[in-house]
Amino acid sequence: MQIDYYADYFYQSGLINTIEYNYFKREQNKIKQAVKQEDYTKAFETYDQLIGGRFVDRTYFQTVTGYNSVNNILDITYPRGFDHYLDYLSRKRCQRSSSCWKGDDF
């Protein structure tokens, strides 16, 4: 699971300290457990609060590092117009065309 590597990567990059590393590991384990139990809502909520940031004002990652993006630590801002992409992804038509979409809710 890709979620396994965030804590190690951030710690080895010097972005988080030992206390924050331990918190990341605990949260990563919660996400893995929720997925194993097929509680995808809980897994997403935990992920979103940790690093996702779609439905929270500020993620734990943003709070402890000051960075906005986990994907590009060299650039702390999203590209101009990125909000349009997020709005597009939240549309029902886009969700229905996605191979991972199930049911009425995304």
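Taking the criterion of being at pLDDT below 95 and surrounded by 15 or more Cβ atoms within 10 Å (Cβ to Cβ), the residues of the range 8-29 that qualify are 10, 11, 15, 16.
Among the residues of the range 44-56, those identified as within 10 Å of the chain's Cα centre (by Cα) and surrounded by fewer than 16 Cβ atoms within 10 Å (Cβ to Cβ) are 48, 52, 54.
Okay, residues lined up against (1) modelled with pLDDT of 65 or more; (2) in a helix (DSSP H, G or I); (3) within 14 Å of the chain's Cα centre (by Cα); (4) β-branched (Val, Ile, Thr):
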{"position": "58", "(1), (2), (3), (4)": "yes, no, yes, no"}
{"position": "63", "(1), (2), (3), (4)": "yes, yes, yes, yes"}
{"position": "73", "(1), (2), (3), (4)": "yes, no, no, yes"}
{"position": "76", "(1), (2), (3), (4)": "no, no, no, yes"}
{"position": "80", "(1), (2), (3), (4)": "yes, no, no, no"}
{"position": "83", "(1), (2), (3), (4)": "yes, yes, no, no"}
{"position": "87", "(1), (2), (3), (4)": "yes, yes, no, no"}
{"position": "93", "(1), (2), (3), (4)": "yes, yes, no, no"}
{"position": "96", "(1), (2), (3), (4)": "yes, yes, no, no"}
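Within the range 12-29, the set of residues being more than 25 Å from residue 42 (Cβ to Cβ) and in a helix (DSSP H, G or I) comprises 12, 18.
Tell me, please, whether a residue that is without any contact (Cβ under 8 Å) to a residue 60 or more places away in the chain, outside any helix (DSSP H, G or I) and either surrounded by 15 or more Cβ atoms within 10 Å (Cβ to Cβ) or charged (D, E, K, R) (or both) can be found in the range 30-40. Steps first, please.
Of the residues in the range 30-40, the ones without any contact (Cβ under 8 Å) to a residue 60 or more places away in the chain are 30-40.
Among the residues that remain, those that are also outside any helix (DSSP H, G or I) are: 37-39.
Cutting the leftovers down to either surrounded by 15 or more Cβ atoms within 10 Å (Cβ to Cβ) or charged (D, E, K, R) (or both) gives us 38-39.
Yes, the conditions are met somewhere in the range 30-40.
The values are calculated or read from the model by the stated rules, or taken from the named source; none is laboratory data. Because the structure is a prediction, the values reported are computed rather than measured. Heads up, the Cβs are rebuilt from the backbone with ideal geometry, glycines too, and the neighbour counts pull from every protein chain shown.
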